[in-house]
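Please read the structure below before turning to the comments.
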Amino acid sequence: MTSYELPVCHSVNSFDSSVLNVQQPQIDSQPDPQPKAVLKKKKKKPKVKHGNTSHAEMWREHHKRVLGMESNLDTKAPGYPASRVTGVIGLRRMAWQYMERTKKNIQMLVELSKTMRTHGAINPFRYDRVYTMSTLPLMRKTLERIDLENHDIGKRILDVTSEIDTGIKSQRKSKKIETKEPIKPFQMPSKGLEKYKDYNISIPTTDKDCWNLLRPHIYVDIFLKGSRRLGRVVVQLYTESAPIVVLQMVRTCICDMHNKFIIKRIFPNLWMDVDLLEHDNTDLSQPLEYDGKIIDHGASAYVLSFSKEYLQGFSGKICFSISFKPLSVANGSRVGFGQVVKGSKILECLQSYGTKNGKLSRSLIFSGCGLL
């Protein structure tokens with residue numbers, strides 16, 4: 001075998017260097033040092049910048065602004081209204097209930113006292129007392145009771161006989177003599193009958209027939225609906241002023257068709273409008289005969305009249321009015337056919353139920369009518 005020689009390195013400075021080059025490297029007996037444990041550092045989150053201010057600083061500023069914020073709204077608790085606290089709304093109802101309860105208690109005590117005094121005996125002639133807030137029904141009930149008591153007293157007085165024989169013969173009761181009022185002589189102005197001369201109309205000869213034909217008297221009873229009767233009004237009609245209208249009113253009163261009279265409007269200190277409904281007289285739909293000079297509107301009040309607009313006929317109803325005072329301006333524009341002779345005080349009372357625009361404040365009706 002061929003031998004290989006190791007290369008030898010010759011150094012000028014030292015002889016030992018050549019030996020070291022040939023020697024094998026020796027392994028040290030000391031252990032190798034262990035590597036140091038490396039701590040992992042947490043990565044910092046990158047700062048998010050918004051302009052020159054960080055996100056945290058922006059949040060702090062926003063938090064401060066929120067803490068110092070004040071609301072523009074009223075955050076206080078709502079208070080109770082004064083009407084609810086004081087109970088003003090229910091005072092009227094409570095007062096009414098208290099009055100009703102007190103009234104019932106008083107009535108019950110009166111009945112108990114009456115029972116204790118009479119020991120339960122029932123008086124068949126007792127009169128029920130009317131318990132109302134208004135004194136008018138009580139006054140009417142009292143007057144009716146007084147009239148009935150006076151009537152009973154008068155009957156007992158007439159039946160009284162003396163227990164002692166005075167020797168005077170009892171006089172017989174004199175029969176009632178009906179006194180008839182003398183009929184006034186009828187005087188009619190000649191101007192009213194001049195236009196009938198050519199027709200050969202026979203005029204009644206007696207005063208009574210003349211009054212019944214040319215000056216009939218009718219009456220109407222006025223009633224305040226739901227309350228009381230106001231009274232009776234007597235009207236004298238003038239036949240020659242409007243014969244067809246007067247005839248229809250007399251016919252209505254004879255048949256007692258009071259429900260056909262309706263009060264439409266009342267103007268205080270002026271007049272009252274009344275309608276007569278549903279007439280079956282065909283003559284009223286034709287041109288009417290009239291005489292506007294019979295009644296002077298400016299001479300007296302409470303005159304019945306209708307407008308000259310209806311001279312061509314009424315359509316379904318007769319519209320007339322009753323004046324409350326003399327109205328001279330109505331001469332020439334209205335036809336007067338009647339005048340109130342009794343009951344003017346009642347018509348004065350009716351003015352209180354009217355308004356300036358004519359609307360009725362209370363309902364007024366006619367409860368009766370007739371011919372005198």
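A few points about this structure:
- Taking region 238-267 as the range and being outside any helix (DSSP H, G or I) and not charged (D, E, K, R) as the test, the residues that pass are Tyr238, Thr239, Ser241, Ala242, Cys255, Met257, Phe261, Ile262, Ile263, Ile266, Phe267.
For every residue, the table says whether it meets (1) among the β-branched types (Val, Ile, Thr); (2) in contact with a strand residue (DSSP E or B) (Cβ under 6 Å, 6 or more places away or on another chain).
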position: Ile295; (1), (2): yes, yes
position: Phe306; (1), (2): no, yes
position: Ser323; (1), (2): no, yes
position: Val329; (1), (2): yes, no
position: Gly338; (1), (2): no, yes
position: Val341; (1), (2): yes, yes
position: Lys359; (1), (2): no, no
position: Ser367; (1), (2): no, yes
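- Some residue of region 54-68 being at pLDDT 70 or above, exposed (fewer than 10 other Cβ atoms within 10 Å of the Cβ) and part of a loop (DSSP other than H, G, I, E, B): yes
- Elements of the type strands (runs of 3 or more DSSP E) sitting completely within region 286-372 and holding at least 3 residues that are under 34 Å from the mean Cα position of the chain (by Cα) and not small (Gly, Ala, Ser): these cover 303-307, 317-323, 364-371.
- Residues that are over 27 Å from Glu240 (Cα atoms) and surrounded by fewer than 15 Cβ atoms within 10 Å (Cβ to Cβ), drawn from region 339-350: Lys345, Glu348, Cys349
- Qualifying residue in region 142-163 (condition: at pLDDT below 70, in a loop (DSSP other than H, G, I, E, B) and not polar (S, T, N, Q)): no
The values are calculated or read from the model by the stated rules, or taken from the named source; none is laboratory data. The structure presented is a predicted model; accordingly, all values stated were derived computationally and were not measured. Backbone-built Cβ (ideal geometry, glycine too); neighbour counts: all protein chains shown.
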